[in-house]
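Below you'll find the structure, written out as structure tokens, and then a few comments.
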Amino acid sequence: MSEVLDFEQKVQGLADYYRALEALDPRNPQHIEVANPAIFYGSHDFHASQALAKVCSRVLYDIGCHGRVEYGRRGLDKNDLREDTDGQRAERADVLAVMTSPIEAAERAQRAERIAGVLACIASGETLSMTRYNRSHHEYEDPQDFAIDSSRAIFGVFTNGHVSDRTLTIQYDTPVTFAPTDDVKVGEHLMRIDVPALFHKGNNLLIEPVVYN
């Protein structure tokens, strides 16, 4: 029978594994003599590096998947954002930060703090400006303003059930995302936040409160 690990053990184990893989990579400065391009025929691409990069990418993906599963396991998608205490909001933000696959604990904490700030603005009904980066045109799109009605219940849910989904949907009234019958009310979508894009270069998403002069 496999060992039963809790959430933090799984994330920490994958982070440790990622560091071990990086140490093996011939691009690592400690291995520069072994990885000297002059000893390869025709190409300066190190085949070991290419293979290790794929494994590292998969490890990061797995870290994000654990965050995605944990969000549902803790029932965070069922709780009204307006009713979060500071501690509950920090917990929610921390799990969302894991979906961005940080390796270092300090980076995870910084990302969680920023996410918590966005959630606090949503819960308090502030108007938020969201600017998406268009990767096809390599430029930012025109910002969109979202006026949030805090008199209605607000939920942060994932409308796609697959663990690869990192897009948090903010919706009103109910955490229900689809209706199997006409008797079930579905939440009204307000905005969709690509959580990793809040931090990853080349796919940036800017969210900030609207400041009126």
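The values are calculated or read from the model by the stated rules, or taken from the named source; none is laboratory data. Computed from a prediction, not measured in an experiment: that's the story for all the values here. Every residue, glycine among them, receives a Cβ derived from its backbone with ideal geometry; neighbour counts consider all protein chains shown.
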- Query: Does any residue of the range 104-116 turn out to be free of Cβ contacts under 8 Å to residues at least 40 places away in the same chain, more than 30 Å from residue 18 (Cβ to Cβ) and in contact with an Asp or Glu (Cβ under 9 Å, 6 or more places away or on another chain)?
  - Reply: no
- Take the residues in the range 160-211 that are without any contact (Cβ under 8 Å) to a residue 60 or more places away in the chain, in contact with an Asp or Glu (Cβ under 8 Å, 6 or more places away or on another chain) and not aromatic (Phe, Trp, Tyr), then tell me which one is farthest from residue 132 (Cα to Cα). 185
- Task: Being outside any helix (DSSP H, G or I) and aliphatic (A, V, I, L, M) is the filter; apply it to the range 1-29 and report the residue that is farthest from residue 105 (Cα to Cα).
- Result: 1
- Note on the structure: Among (1) out of contact with any Cys (no Cβ under 7 Å at 6 or more places or on another chain); (2) touching a residue at least 12 places away in the same chain (Cβ under 8 Å); (3) over 15 Å from residue 96 (Cβ atoms); (4) not aliphatic (A, V, I, L, M), residue 156 falls short only on (3)
- Task: Please enumerate the residues belonging to the range 126-172 that are surrounded by fewer than 18 Cβ atoms within 10 Å (Cβ to Cβ) and of a type in the set (S, T, N, Q).
- Result: 127, 129, 131, 134, 136, 144, 150, 151, 159, 160, 164, 167
- Query: Pick from 16, 25, 62: which is charged (D, E, K, R), modelled with pLDDT under 95 and closer than 27 Å to residue 201 by Cβ?
  - Reply: 25
- Item | Close pairs from the range 69-91: first free of Cβ contacts under 8 Å to residues at least 24 places away in the same chain, partner basic (Lys, Arg) and outside any helix (DSSP H, G or I), Cβ under 8 Å, at least 6 apart | 91/74
- Query: Quick one: residue 139 ticks every box in (1) touching a residue at least 12 places away in the same chain (Cβ under 8 Å); (2) over 25 Å from residue 95 (Cβ atoms) bar one, so which box is it?
  - Reply: (1)
